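Visitor: Input: one structure, supplied below.
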Ligand code: HEM
């Protein structure tokens, strides 16, 4: 931190429109995205009030990066994290700084590039199976379809092909129930969360069944520890030599938390990204046509595979631009663990900071015509680490970024290869603000283009094949210009 400072938090302007007692609760509930964007004119920081508590929204990309990079002082914590932990435990994405480094070292091998090559083969197959299961002229519930695709791909990459079809189907249904209840539960006070409504009972059953399934899979894998080339094998086999002897491996409970974290965290974000990408293509026929041309040239009538990734240039830029416009993690929070300086202001320990990729990605001083979908803005420009942050930054940066980008590029290609996408009706579609920037309710009409491969529908859908593909060329190389740190 370079600023020499002693200004107090009172020097940070309060966002306009605060009401006595309620603060900014009304605009935040009514239209949180419009409210957040209305604050983009504040160059550095602005205070937001929610009832008696207040938080500092960091608007400046350099300060946002400072917060990301100093994760000891600006840690994960506070009431929002307490509630997320009720669902996914103390896994990698929710644990505080003091637990993080060991967990990250233990989880990182699961996402090693050598493993990603095998995962990419699964993504390609799952994408083709999903795209081949649709009918000409159908109106798709796009978010639901993309959730099915990413759940199928995630289950297979995590647990390889050992799961019976009925278990996969049940896990899909339970995941949907848990994910759709997640945001509501986060926003409901503790006392009300315990009221046994039918929705709560459904949620409890789904959550318990999902945990039991994961526990069974872990027990089976402990009994047969050969490397199945999937995420779970990597987690079970991970050893952290920097930890004390009794903490060098993940315990069963930790394994279950990590598995649930990867499963729930990874699948919804990628599905939403894909749904938004399809929406943007449907509403920008010129880009769709160019992407179809790229897809046809690259696939040349053959089945999609990881070897095509380096040539899927426009698909990579479409995903990059989609994540700029609709970053699923539209805002994140941090707790200040001890008095600290940020941007010339002394923040008290215990304060809450809000970071918003959505706000930064749409600042007109950072992006020309920020609301315009323009994949070509990335043609010769690599995204900047401070102003393009769909995966966060620093030590807590998304561990699944390459996993997600690879999956999204392959899935997009599989869909566009077969189908022409068109909007339904002429009303603009708007995001629903949940824990993520949700595309819930998005519908698109599809019409057939041509068949690009042998009929794959139904072949591996019910009985996923194991992830045992031999290593292919590095996935995503040169396709999505996201910069990496670590
Ligand atoms: C497009 C898809 C995705 C997006 C936009 C996304 C976004 C993010 C963001 C913004 C963070 C940082 C959160 C923070 O700093 O508060 C994060 C962390 C994380 N993500 Fe993702 N993610 C995606 C896909 C995935 C996938 C596929 C997985 C796993 C299979 C995954 C697992 C995680 C985990 C475990 C963390 C916590 C990392 C840590 O704290 O060390 N994510 N993600």
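Visitor: Identify the single condition in (1) farther than 21 Å from residue 88 by Cα; (2) in contact (Cβ under 8 Å) with a residue 40 or more places away in the chain that residue 225 does not satisfy, given that it satisfies every other one.
Guide: Against the list (1) farther than 21 Å from residue 88 by Cα; (2) in contact (Cβ under 8 Å) with a residue 40 or more places away in the chain, residue 225 comes up short only on (2).
Visitor: Would you mention how many residues in segment 411-451 are touching a helix residue (DSSP H, G or I) at 6+ places or on another chain (Cβ under 8 Å), modelled with pLDDT of 95 or more and surrounded by 19 or more Cβ atoms within 10 Å (Cβ to Cβ)?
Guide: 12
Visitor: As an exercise: evaluate residue 90 against (1) within 26 Å of residue 360 (Cβ to Cβ); (2) in contact (Cβ under 8 Å) with a residue 60 or more places away in the chain; (3) not in a helix (DSSP H, G or I) and give the number of the one condition it does not meet.
Guide: (1)
Visitor: Checking the conditions here, which among 230, 245, 286, 296 is more than 16 Å from the ligand (Cβ to nearest atom) and modelled with pLDDT under 90?
Guide: Just one listed residue meets the conditions, 245.
Visitor: Got a sec? Which of 271, 282, 277 is assigned to a helix (DSSP H, G or I), touching a strand residue (DSSP E or B) at 6+ places or on another chain (Cβ under 6 Å), on the phi < 0 side of the Ramachandran plot and in contact (Cβ under 8 Å) with a residue 12 or more places away in the chain?
Guide: 282
Visitor: Tell me which residues, restricted to segment 366-380, are under 15 Å from residue 319 (Cβ atoms) and either within 8 Å of the ligand (Cβ to nearest atom) or assigned to a loop (DSSP other than H, G, I, E, B) (or both).
Guide: Within segment 366-380, 373, 374, 379 qualify.
Visitor: Suppose we keep only residues that are within 19 Å of residue 433 (Cα to Cα), part of a loop (DSSP other than H, G, I, E, B) and touching a helix residue (DSSP H, G or I) at 6+ places or on another chain (Cβ under 8 Å) within segment 28-58. Which one would you say is modelled with the lowest pLDDT?
Guide: 40
Visitor: May I pose another question? How many residues does segment 285-303 contain that are assigned to a loop (DSSP other than H, G, I, E, B) and free of Cβ contacts under 8 Å to residues at least 60 places away in the same chain?
Guide: 1
Visitor: If you check 256, 271, 275, which single one turns out to be in the same structural domain as residue 423 (by TED's automatic domain parsing) and either out of contact with any helix residue (DSSP H, G or I) (no Cβ under 9 Å at 6 or more places or on another chain) or surrounded by fewer than 24 Cβ atoms within 10 Å (Cβ to Cβ) (or both)?
Guide: 256
Visitor: Could you check segment 396-410 and list, in sequence order, the residues that are in a loop (DSSP other than H, G, I, E, B) and either in contact with a helix residue (DSSP H, G or I) (Cβ under 6 Å, 6 or more places away or on another chain) or modelled with pLDDT under 95 (or both)?
Guide: If the condition is that a residue be in a loop (DSSP other than H, G, I, E, B) and either in contact with a helix residue (DSSP H, G or I) (Cβ under 6 Å, 6 or more places away or on another chain) or modelled with pLDDT under 95 (or both), then 399, 400 are the ones that fit.
Visitor: Can I ask one more? Of all the residues that make up segment 1-27, how many are in a helix (DSSP H, G or I) and either at pLDDT below 85 or farther than 23 Å from residue 74 by Cβ (or both)? Let's see the steps before the verdict.
Guide: Residues of segment 1-27 that are in a helix (DSSP H, G or I), as a first pass: 9-11, 25-27.
Subsequent filtering for residues that are either at pLDDT below 85 or farther than 23 Å from residue 74 by Cβ (or both) retains 25-27.
Residues meeting the conditions: 3.
One line per residue, one yes/no per condition, for (1) more than 13 Å from the ligand (Cβ to nearest atom); (2) at pLDDT below 95; (3) out of contact with any strand residue (DSSP E or B) (no Cβ under 8 Å at 6 or more places or on another chain):
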site: 90; (1), (2), (3): no, yes, yes
site: 97; (1), (2), (3): no, no, no
site: 104; (1), (2), (3): no, no, yes
site: 116; (1), (2), (3): no, yes, yes
site: 136; (1), (2), (3): yes, no, no
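The values are calculated or read from the model by the stated rules, or taken from the named source; none is laboratory data. Nothing here was measured: the structure is a model prediction, and the numbers come from that model. Quick reminder, even Gly has a Cβ in these numbers, built from the backbone with ideal geometry, and neighbours come from all protein chains shown.
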